[in-house]
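Report on the structure given below.
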Amino acid sequence: MKMNAPPSSSEKETLLDIKGMTCASCVNRVEKALAKTPGVQSVNVNFATHQAMVKHGHEVDATQLMKAVDGAGYVAKPVVDDVHSHHTPSEHAEHIRMESESELVRVRNNLWLSTILTIPLVAISMAWHVRPEWANWLLFALATPVTFLCGRQFFLVAYKAIRHGSTTMDTLVAMGAAAAWGYSTYSLLANHTHMQSEHIYFETGAVIVTLILLGRYLESKAKSHMSDSIRKLMDLSPKVATRIDEGGAERQVALSELRVGDLIRVRPGERIAVDGVLTEGESFVDESMITGEPLPVSKKQSDQLTGGTVNQSGSFVFRAEKVGSDTMLAHIAKMVQRAQGSKAPMQGLADKVSSIFVPVVILLALTTVAAYVALGHGVDSGVLAAVAVLVIACPCALGLATPTALMVGTGRGAELGILVKDGEALERAGGVKTILLDKTGTLTEGKPKLTDAKVFGAWTESEAVGFAAALESQSEHPVGRAVVASAKERGIAVLATTGFESVSGKGVSGSVGGLYGMVGRRSWLLEKGIVLAKQIEESTTGLEADGKTVFLVLRGTDMAVLAVSDTLGEHSREAVEQLKALGIVTVMVTGDNKKAADSVAKQVGIEHVEAQVLPADKAGFVEKYQVNGATAMVGDGINDAPALAQADLGIAMGTGTDVAIETAGVTLLRADLRGVPQAVRLARATLATIRWNLFWAFIYNIVMIPLAALGMLSPMLAAGAMAFSSVSVVLNSLRLKRFV
């Protein structure tokens with residue numbers, strides 16, 4: 001199975017915020033409701049983010065999707081992320097922060113009121129075992145607002161679920177709290193003897209509500225940290241920019257007012273507002289937030305600028321080309337958001353269990369009461385055991401196990417310049433056995449450079465390079481451009497050429513400073529009848545054996561052998577060594593000749609080489625290695641598109657172009673091959689966290705439910721344990737924030 005493709009032109013994606021979900025059972029209900037909507041092609045609801053990603057046809061609108069969610073008993077509203085909108089990343093970040101804080105305040109207020117009422121309730125119940133009837137009425141007065149006011153959300157959600165013919169975690173909590181309150185109230189009204197206090201359990205229901213509210217609060221607080229990565233990304237965008245009006249006047253405007261074509265002034269120390277092209281001035285720009293490179297990059301006229309990066313020195317003017325959610329920063333944030341809202345395939349088991357879990361637990365609780373009564377242990381003991389079963393079995397930890405780890409892992413990846421498309425891509429990255437590496441631009445820098453210059457005759461190396469550069473300055477060949485660039489780097493003047501002639505595929509000739517000369521292949525010079533000395537032949541053969549492109553320079557009796565090669569990436573060898581240490585087989589796939597390919601492979605330590613492979617044929621080689629297990633392809637995301645699509649996992653190198661972000665399972669924002677093994681390690685760490693979360697969530701229920709049914713676990717301890725299990729899953733996932 002291949003990774004999910006981005007939506008085609010016939011599809012739309014709508015992201016919905018879902019209110020009211022409390023467990024994995026809720027997720028299943030929302031997914032089923034949305035999937036039944038005509039025109040919906042796929043649905044992915046995430047419990048950790050409380051969002052639904054819906055792919056659908058153009059005939060479906062957000063209103064229809066909201067009605068479907070409402071029909072399931074929940075509330076939905078679309079998240080504004082349309083790429084044609086002018087909502088800025090910072091505005092979106094503020095919206096997320098306010099939503100998170102609002103939820104925390106609501107839960108905290110309920111928790112405070114519940115705690116204030118529950119403390120005296122428990123104190124009286126525990127310290128005063130034989131109480132007069134008026135004291136029990138006091139307990140009733142304290143417990144009722146805790147159960148039905150502070151805990152009203154549990155009853156409301158449970159009611160909605162029952163009305164729609166289903167059950168959720170809140171059904172269990174509501175039944176447990178209501179059972180304790182209801183039985184106690186019945187005893188208060190029906191039993192007026194001195195034994196009345198022995199049948200009163202108001203503190204049980206109140207403590208259940210209070211402890212679960214505490215768990216919800218701690219969970220919400222911990223979950224707020226999981227979205228820090230996306231908020232940090234969006235906050236990189238400044239809130240205002242200095243726009244230059246048609247008359248030349250400069251004034252500060254909000255980013256939402258910027259339009260394509262606007263001229264914007266950026267002063268030293270300011271962040272660049274949106275993506276664009278520099279039109280006036282020059283400076284050094286800190287692009288570390290995109291590339292990961294610590295050194296500032298020189299920017300001159302016509303150079304591309306990325307929104308969110310920082311101007312280091314000079315003042316300059318640039319023209320806006322992409323604004324709002326069209327910017328690179330917004331695209332990255334949207335991809336992170338999509339990844340955090342996705343599911344990993346291993347979550348399927350937890351979803352299936354959760355869908356049948358609640359009804360089974362309710363049946364088990366009723367059976368527990370019946371068993372206690374049948375065995376002569378009394379209704380009191382049966383009710384307490386049943387309440388404990390209902391509370392301990394809440395499948396919250398099970399629902400949080402996968403999405404919390406996925407959310408933190410993909411968020412941490414974004415901070416490191418590793419963009420993971422979705423949960424499926426992450427799971428595939430963790431299971432990769434073989435990685436195919438493109439040579440040009442991946443293992444190498446993708447820019448030919450003059451690497452060798454050997455002179456024969458009376459001239460110097462600088463004179464030979466300068467003469468060759470003068471002739472090649474009128475050529476468009478990549479080799480010629482490399483020679484000209486080398487001459488400029490060395491400070492060698494490139495003189496004018498007269499009588500220039502070019503023979504396609506062979507070389508060029510002309511006069512420089514009144515002296516005639518030639519630059520070209522050895523075979524061309526031999527065709528011209530030029531005799532080459534033995535040392536020249538040996539030098540040429542030796543350089544060609546290293547896989548370099550070799551050509552000769554002739555000026556009268558002076559000759560030179562020049563070699564051009566695509567230089568190895570600074571960290572390529574280290575990256576290959578790291579991949580080997582992870583137990584991954586590395587293969588180089590290139591269109592270059594065998595000699596050049598073997599030379600690069602030897603330098604980086606790759607043992608498997610596929611040379612002279614056309615781009616269209618690379619997919620076939622990916623298929624060849626897939627026989628041995630999950631295979632990844634690393635390329636530039638455009639020329640290697642067929643191979644990236646065929647691979648179990650496509651990894652795009654570079655600066656995260658729109659095409660790469662949409663097509664690859666993993667996009668590395670840094671031009672550093674070490675990001676590949678780092679991405680694999682991150683995937684493995686995230687998957688290990690998910691497995692541990694699922695293990696403890698399952699074990700917790702398997703062990704605790706029988707203990708509760710046997711009366712070995714009080715309802716209050718059950719509530720505390722349930723709250724702790726959910727919080728522990730979130731905290732365990734948050735450990736991924738320390739991944740390096």
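The values are calculated or read from the model by the stated rules, or taken from the named source; none is laboratory data. The model shown is predicted, which means the values in this text are computed figures rather than measured ones. We place every Cβ from the backbone using ideal geometry, glycine too, and count neighbours over all the protein chains shown. Only protein heavy atoms, including side chains, enter the accessible area calculation; ligands, DNA and RNA are left aside. Shrake-Rupley method; radii C 1.70, N 1.55, O 1.52, S 1.80 Å.
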Lys595 being modelled with pLDDT under 80, surrounded by fewer than 22 Cβ atoms within 10 Å (Cβ to Cβ) and in a helix (DSSP H, G or I): yes
Checking Leu543 against (1) aliphatic (A, V, I, L, M); (2) part of a strand (DSSP E or B); (3) within 30 Å of Leu471 (Cα to Cα), the condition it does not meet: (2)
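What number of residues in region 575-584 are open to solvent by 10 Å² or more (accessible area, probe 1.4 Å) and among the aliphatic types (A, V, I, L, M)? Before you say what the answer is, go through the steps one by one.
Taking region 575-584 first, the residues open to solvent by 10 Å² or more (accessible area, probe 1.4 Å) are 577-578, 580-583.
This time we only want the ones that are among the aliphatic types (A, V, I, L, M), so: 581-582.
Summing the residues that are open to solvent by 10 Å² or more (accessible area, probe 1.4 Å) and among the aliphatic types (A, V, I, L, M) in region 575-584 gives 2.
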Output for region 161-174, where each listed residue is buried (at least 19 other Cβ atoms within 10 Å of the Cβ) and out of contact with any Lys or Arg (no Cβ under 7 Å at 6 or more places or on another chain): Ala161, Thr167, Thr168, Met169, Asp170, Thr171, Leu172, Val173, Ala174
Odd one out for Val587, checked against (1) more than 24 Å from Leu515 (Cβ to Cβ); (2) outside any helix (DSSP H, G or I); (3) open to solvent by 10 Å² or more (accessible area, probe 1.4 Å): (3)
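Mind listing whichever residues of region 183-204 are among the hydroxyl-bearing types (Ser, Thr, Tyr) and either out of contact with any His (no Cβ under 6 Å at 6 or more places or on another chain) or modelled with pLDDT under 80 (or both)?
Correct list: Tyr183, Ser184, Thr185, Tyr186, Thr193, Ser197, Tyr201, Thr204.
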Top-ranked residue of region 323-376 - restricted to ones that are within 31 Å of the chain's Cα centre (by Cα) and among the polar types (S, T, N, Q), ranked as modelled with the highest pLDDT: Thr327
Qualifying helices (runs of 4 or more DSSP H) (wholly inside region 445-534; at least 1 residues being open to solvent by 60 Å² or more (accessible area, probe 1.4 Å) and within 28 Å of Gly569 (Cα to Cα)): 461-472, 478-489
Any hit, region 422-431, residues being over 30 Å from Asn44 (Cα atoms), open to solvent by less than 10 Å² (accessible area, probe 1.4 Å) and in contact with a helix residue (DSSP H, G or I) (Cβ under 7 Å, 6 or more places away or on another chain): no
Pair list, Cβ < 7 Å and 6+ apart or interchain, from region 470-485 residues that are under 11 Å from Ser502 (Cα atoms) to residues that are in a helix (DSSP H, G or I): Glu472/Gly480; Glu472/Val483; Glu472/Val484
Residue list for region 432-444, restricted to those being closer than 15 Å to Leu582 by Cβ, open to solvent by less than 20 Å² (accessible area, probe 1.4 Å) and of a type outside the set (A, V, I, L, M, F, W, C): Thr434
Leading residue by the ranking (farthest from the chain's Cα centre (by Cα)) among those in region 404-415 that are surrounded by 24 or more Cβ atoms within 10 Å (Cβ to Cβ) and over 13 Å from Glu427 (Cβ atoms): Thr404
Flag if Lys534 is basic (Lys, Arg) and under 17 Å from Leu554 (Cβ atoms): yes
Subset of region 284-322 (residues that are open to solvent by 20 Å² or more (accessible area, probe 1.4 Å), outside any loop (DSSP other than H, G, I, E, B), among the small types (Gly, Ala, Ser) and at pLDDT 85 or above): Ser298
Flag for Ser114 being surrounded by 14 or more Cβ atoms within 10 Å (Cβ to Cβ) and at pLDDT 90 or above: yes
Qualifying residues in region 175-202 (those that are of a type in the set (A, V, I, L, M, F, W, C) and open to solvent by less than 10 Å² (accessible area, probe 1.4 Å)) - the one farthest from Lys32 (Cα to Cα): Leu188
Which numbered condition Leu543 misses (of (1) at pLDDT 90 or above; (2) of a type in the set (A, V, I, L, M); (3) touching an Asp or Glu at 6+ places or on another chain (Cβ under 8 Å)): (1)
Residue satisfying all of: in region 236-255; loosely packed, with under 15 Cβ neighbours inside 10 Å and assigned to a loop (DSSP other than H, G, I, E, B); nearest to the chain's Cα centre (by Cα) among these: Asp245
Lone qualifier among Asp640, Asp672, Asp648 - being among the charged types (D, E, K, R), modelled with pLDDT of 80 or more, open to solvent by less than 20 Å² (accessible area, probe 1.4 Å) and touching a Gly at 6+ places or on another chain (Cβ under 9 Å): Asp672
Unmet criterion (only one of (1) at pLDDT below 90; (2) out of contact with any helix residue (DSSP H, G or I) (no Cβ under 6 Å at 6 or more places or on another chain)) for Val587: (1)
